[in-house]
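One structure, pasted below without further comment.
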Amino acid sequence: MLIYNTLSRLKEEFRPLNPPFVTMYMCGPTVYDYFHIGNSRSFIMSDIVRNYLVYKGFKVKFVMNLTDIEDKIIKKSIEKNIPAEEVSQFYTDAFFEDINKLKVKKADIYPKATAHIQEMIELILLLEKKGIAYNVNGDVYYDVKNFDSYGKLSGKKIDELESGARVDVDERKNNSLDFSLWKKAKQSEPSWDSPWGKGRPGWHIECSAMSTKHLGETIDIHAGGNDLIFPHHENEIAQSEGANEKEFVKYWMHFGFLNIQNEKMSKSLGNFFTARDVLARHSVEAIRLFFCQTHYGGPLNFSDELLTAAQKGVDKIINLAERLDNDINKAEVNGSTPIFVFNKFYSDFETVMDDDFNTPQAAAVIFDFVRAANKIIDENPNSCKTFLINLKEFLKKTADEVLGVIHLEDLNKRVSPSLETELINLILNLREDLKKEKNYKLADEVRNKLNELGLIVHDSKTGAVVKRK
RNA sequence: GGCGCUGUACCCAAGUGGCUUAAGGGGAAGCUCUGCAAAAGCUUUAUUCGUCGGUUCGAAUCCGACCGGCGCCUCCA
């Protein structure tokens, strides 16, 4: 199995430190606002990576941090005149709501920055002891010149970065690239006691401290968006490897941006839709298939039209699943067992997913399977139950449990009986009688009236099928 | 200025030296089914991969030049 490692810029054979265990850390949200649909791409793609590792038999421990103390949270708390904890708690709740709707599986642990202040302080002390951190009147900085391999992840060289730096140079720093480990408290800001006085942690230190605490000094996979490569992940390496003198991460994975009209979707540009907005217009399945149909590392343009197109693809898979459910109920136990190349479809799926999670190809395998399955059902109307169950099992294992582009359990929920469905069936049965009497005028009128009520009636060989608009 | 990504059919998009004279989805067209309509299924749909040169028995895939799009270097998934 190959994974593209940002560190080496190569696809590398995946060899976790202690197989079958895999440790995976994903940079989570700063809880200062609802996350946008671009952020969802990273959450969903990391979910798929994790699901596939589980499919392959790995025991994955997945950690996602919650940054609950940070400039933007403080800014919002001042604007709204409410405590910072209230801001972060509100958006943490919203985060979990949205992530559930996106069918992203829960992480094993969601460590919060504010619950790990002590660990961060200890890490900074260690860096200070090693001479790669320095204190300037209560502000503690990381000294990049004292970490030899600074820049190895982003491919940057310290000298070049300095000359191209766009930010105003902070006179107190030794080097303009030095970054905050500990920020001295300003008035009315949340703060914690520390050996350097009251203050709060810098942004990067939390990931180093929390990934070490929950996953160990060296972790297998660390993932996040492309924009985190520099400076965030570069700084994490500097902190963790500077302190522990051990390799921090074996495989760095980065996800491409979601663009709008070829521009990166971002809060600062204002060209974004929140995940909850998009979920109000499109299904999770359409969103997930849309993301799957392009490789995780490249850019992807967002538009409602593309999501609508993805929905059609989802429907195609769901139609087969529903057809199978229907046939499984009717099928004979001792029917025929057609010859079908299950192994080929499973091995094709694995081959492409093994190649750096090629989800577009994986989706292609699923669509090929859908076509082949429809064909074989057409050609073998008397297939046995087991055969049909095996067909459904393929969809469950791949499209549902790994990619999450369909959710079979939700389909089952849809057919629960109620008075409403009983009444609809009654009307449809009466309409069948009208059709038998060739009273098409009245039959069509019934169909039109139902349509006005939001129910679409499709006649088929086995009787009318009704769908909600 | 530095580093990196990218340009494949009407749209989205995979493929990075021969298995591909290029997957898959959407769209379009045809067929099957059918009282009609719709739905669904099946079939078809790029001799061609930004442009121009080069390497090679062989290139969308490697090299060079050029044209276009984007990202990071400041908070950002």
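Take the residue pairs A:K76/A:K106; A:K56/A:K157; A:K59/A:K264; A:K106/A:K467 and return only those whose Cα atoms are more than 30 Å apart.
A:K56/A:K157; A:K59/A:K264; A:K106/A:K467
While we're looking at this one, here's another question. Give the long-range amide H neighbours of A:N259: residues separated by 5 or more places, or on another chain, with amide H under 5 Å away, using H modelled in the peptide plane at 1.01 Å from N.
A:M265, A:L300, A:N301, A:F302
Which percent, to the nearest 5, of DSSP beta bridges fully inside chain A are antiparallel?
Of all bridge pairs located within chain A, approximately 50 percent are antiparallel.
Something else about it: What distance in nm lies between label points placed 7 Å from Cα along the C-beta direction at A:E393 and A:V136?
Once both label points are built, they end up 6.5 nm from each other.
If you average the C-alpha positions of region A:4-25 and of region A:283-320 separately, how far apart do those two centres end up, in angstrom?
28 Å
Please give, to one decimal in nm, the separation of the simple spin-label points placed at A:N334 and A:N319, each 7 Å out from Cα toward the Cβ.
3.5 nm
Given a Förster distance of 30 angstrom, what is the FRET efficiency for A:K198 paired with A:K106, based on the Cβ-Cβ distance and rounded to 0.05? Numbers along the way, then the final one.
Values: r = 35 Å, r/R0 = 1.16.
That pair, A:K198 with A:K106, gives E of 0.30.
Amide H neighbours of A:K59 under 5 Å, at least 5 residues apart or on other chains, H built in the peptide plane: list them.
Amide H neighbours of A:K59, under 5 Å, 5+ apart: A:F21, A:V22.
Something else: Per-residue HN-Hα couplings for region A:355-370, Karplus 6.51 cos²θ - 1.76 cosθ + 1.60 at θ = phi - 60°, whole Hz, x for Gly and Pro?
For region A:355-370, the Karplus-derived couplings read 8, 6, 6, 7, 5, x, 5, 4, 5, 4, 4, 5, 5, 4, 4, 4 Hz, x marking Gly and Pro.
Let me ask you something else. Nearest 5 is fine: what % of DSSP beta bridges in region A:2-281 come out antiparallel, could you say? Don't skip to the answer; put the middle values down first.
Values: 18 of 36 bridges.
Given both bridge residues lie in region A:2-281, the antiparallel proportion sits at roughly 50 percent.
Expressed as an acute angle from 0 to 90° and rounded to the nearest 10, what is the orientation of the C-alpha long axis of helix A:234-244 relative to the principal long axis of chain A?
That works out to roughly 60 degrees.
Which one, A:V466, A:N137, A:S208, projects farthest toward the positive side of the charge dipole computed for chain A from Cβ point charges (K/R +1, D/E -1)?
Looking along the dipole axis, the top candidate is A:V466.
Under 5 Å between amide H atoms, partner at least 5 residues away or on a different chain: which partners does A:G28 have, H built in plane at 1.01 Å?
For A:G28, whose amide H was placed from the backbone, the distant partners under 5 Å are A:N65.
Now for a separate question. Suppose only helical runs count, i.e. DSSP H with n ≥ 4. What mean residue ellipticity at 222 nm does that imply for chain A under -39500 (n - 2.57) per run, divided by all residues and rounded to the nearest 500 deg cm²/dmol? Please report the intermediate quantities before stating the final value.
Numbers: 16 runs with 215 residues, N = 469.
After summing the helix terms and dividing by the residues of chain A, the value is -14500 deg cm²/dmol.
Follow-up. Which residues in region A:100-129 have a backbone N closer than 12 Å to a point placed 7 Å from the Cα of A:I158 along the Cα-to-Cβ line?
Flagged as within label range: none.
If you rank A:I237, A:I427, A:I318 by how much accessible surface each has, with a 1.4 Å probe, what is the order from largest down?
Largest accessible area first, the residues go A:I427, A:I318, A:I237.
On full extension of the chain, what length is gained from A:N374 through A:A309, given 0.36 nm per residue of separation minus the C-alpha to C-alpha distance?
Extra length from A:N374 to A:A309 when fully extended: 21.3 nm.
Using Cα atoms only, what is the angle between the long axis of helix A:37-55 and the major principal axis of chain A, expressed in degrees (0 to 90) to the nearest 10?
Value to nearest ten degrees: 80.
Also, I was wondering about something else. Per-residue counts of other Cβ atoms within 10 Å, averaged by peptide: what ranking do you get for A:43-54, A:145-156, highest first?
Working: A:43-54: 22.7, A:145-156: 16.8.
Ranking the peptides A:43-54, A:145-156 by packing returns A:43-54, A:145-156.
Does region A:277-426 come out rounded, prolate or oblate, given a ≥ b ≥ c as the square roots of the eigenvalues of its C-alpha gyration tensor, rounded meaning a/c under 1.5 and, failing that, prolate meaning a/b above b/c? Could you put the intermediate results ahead of the total?
On the way: a/c = 2.56, a/b = 1.20, b/c = 2.13.
Since a/c reaches 1.5 but b/c is at least a/b, the shape of region A:277-426 is classed as oblate.
The values are calculated or read from the model by the stated rules, or taken from the named source; none is laboratory data. Owing to the predicted nature of the structure, the values given are computational and were not obtained by experimental measurement. Glycine also receives a Cβ, built like all others from the backbone with ideal geometry; neighbour counts cover every protein chain displayed. Please note that ligands, DNA and RNA were not included when accessible areas were found on the heavy atoms of the full protein model with its side chains. Shrake-Rupley method; radii C 1.70, N 1.55, O 1.52, S 1.80 Å.
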